[in-house]
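Trainee: First, the structure itself, so that you have it in front of you.
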Amino acid sequence: MNKTTLNKRSMFGSVHTVLEENQTIWISVPAFATAVQQFESKLSVLDTKLSEQSVATTGVTLEKQESMRELFDEMLLVHQALYLLGKDSENMGLRERNKVSKSKLGRLTIGKAKVHAADLKNDLLAHGSSLETYGITPAFTTALIAKMDELPELVESTRMALLRRKGITQAIEEVQAKISEILRDRIDRLIKVFKKDHPDFVLIYQHARTALPHSSRDRDNGTTA
């Protein structure tokens, strides 16, 4: 949740609390009661969307991070073996290509890791049979190649999760705009009906409506007396 959305949700929550605590004052005014009902309905939708947004990429991200950590650890073992093979066989190209540190692997984005894995796979296909001396068995090599071949699927699952989150974020912005419209065009106008008999209610409502940092206010927020 970004700062603007967090601030708006906080303001909406303050307004809802004020309205809920003063229901006996406005419940007998049908137009106001209807506006409050609309506000509460949209606020419920907003909370549902915010919840969906928070979990949209969490599962995929955790899975990706764990998969990448495991993959990088195994790739590093092979890089070290290939480096030593290159050094021992005086294959300078092989040695330099596999002079890779754990920190360098850890800095790779998933897209760059895909390219890096393709290069490593080529070296494994060419030299994998010579790595048992360095503790890398053919079974380990075969399993690692299979994992590296799955990287495109991991990239796609991450991309789709981000697209879903983007759609949810757009829906959140639309619901926020609708809530602001209900407040601005309905409740902010109708609240003035209660100013004479219930000035404290009107005042605390107006305070709730402007309960945002100055930098986060927009023209939807605030009321006029």
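Trainee: Measuring from label point to label point, each 7 Å out along Cα→Cβ, what is the residue 122 to residue 80 span in nm?
Mentor: 2.5 nm
Trainee: Report, in debye and to the nearest 20, how large the dipole of the chain comes out about its Cα centre when Lys and Arg carry +1 and Asp and Glu carry -1 on their Cβ. Intermediate results must be reported in sequence, preceding the final value.
Mentor: On the way: 32 positive and 29 negative charges, 181 e Å.
My answer is approximately 860 debye.
Trainee: Extending each Cα 7 Å along its Cβ direction at residue 52 and residue 87, get the distance between those two points in nm, one decimal.
Mentor: 5.5 nm
Trainee: Keeping the other protein chains in place, figure out the carbon and sulfur percent of the accessible area of the chain, with a 1.4 Å probe. Spell out each step's value before the answer.
Mentor: Details: 6880 of 13110 Å².
Using a 1.4 Å probe with all protein chains present, the chain comes out at 52 percent carbon and sulfur.
Trainee: For residue 6 and residue 132, what does the FRET efficiency come to when R0 = 45 Å and r is the distance between their Cβ atoms, rounded to the nearest 0.05? Numbers along the way, then the final one.
Mentor: On the way: r = 56 Å, r/R0 = 1.24.
The value I calculate is 0.20.
Trainee: What's the FRET efficiency of residue 147 with residue 185 using the Cβ-Cβ distance as r and R₀ = 45 Å, to the nearest 0.05? Numbers along the way, then the final one.
Mentor: On the way: r = 56 Å, r/R0 = 1.25.
The value I calculate is 0.20.
Trainee: So what is the accessible area of the stretch 44-126 per residue, in Å², with the probe set to 1.4 Å? All intermediate terms of the calculation are to be shown ahead of the outcome.
Mentor: Working: 4800 Å² over 83 residues.
That works out to 58 Å² per residue.
Trainee: Something else about it: Order 92, 148, 160, most accessible first, counting only protein heavy atoms with a 1.4 angstrom probe.
Mentor: Values: 92 105, 148 10, 160 75 Å².
I get 92, 160, 148, largest accessible area first.
Trainee: For helix 138-149, report the angle its Cα long axis makes with the longest principal axis of the Cα atoms of the chain; keep it between 0 and 90° and round to the nearest 10°.
Mentor: Helix 138-149 and the main axis of the chain meet at about 40 degrees.
Trainee: By how many degrees, 0 to 90 and rounded to 10, does the Cα axis of helix 199-209 deviate from the longest principal axis of the chain?
Mentor: 20 degrees
Trainee: To the nearest 10 degrees, how steep is helix 110-127 against the longest Cα principal axis of the chain, on a 0 to 90 scale?
Mentor: Approximately 10 degrees, to the nearest 10.
Trainee: Let me ask something else. Compute the distance in nm between two label points, each set 7 Å from the Cα along the Cα-to-Cβ direction, one at residue 73 and one at residue 41.
Mentor: 5.3 nm
Trainee: Now for a different question. How large is Rg over Rh for the stretch 54-152, taking Rg from the Cα atoms and Rh as the Kirkwood inverse mean of 1/r across Cα pairs?
Mentor: Details: Rg = 14.2 Å, Rh = 14.0 Å.
Here the Rg-to-Rh quotient is 1.02.
Trainee: Let me check against my output: what whole-number percent is the relative contact order of the chain, with C-alpha pairs under 8 Å and at least 6 apart?
Mentor: Here the relative contact order equals 34 percent.
The values are calculated or read from the model by the stated rules, or taken from the named source; none is laboratory data. Here the structure is a predicted model, which is why all the values come from computation and not from measurement. We place every Cβ from the backbone using ideal geometry, glycine too, and count neighbours over all the protein chains shown. Only protein heavy atoms, including side chains, enter the accessible area calculation; ligands, DNA and RNA are left aside. Shrake-Rupley method; radii C 1.70, N 1.55, O 1.52, S 1.80 Å.
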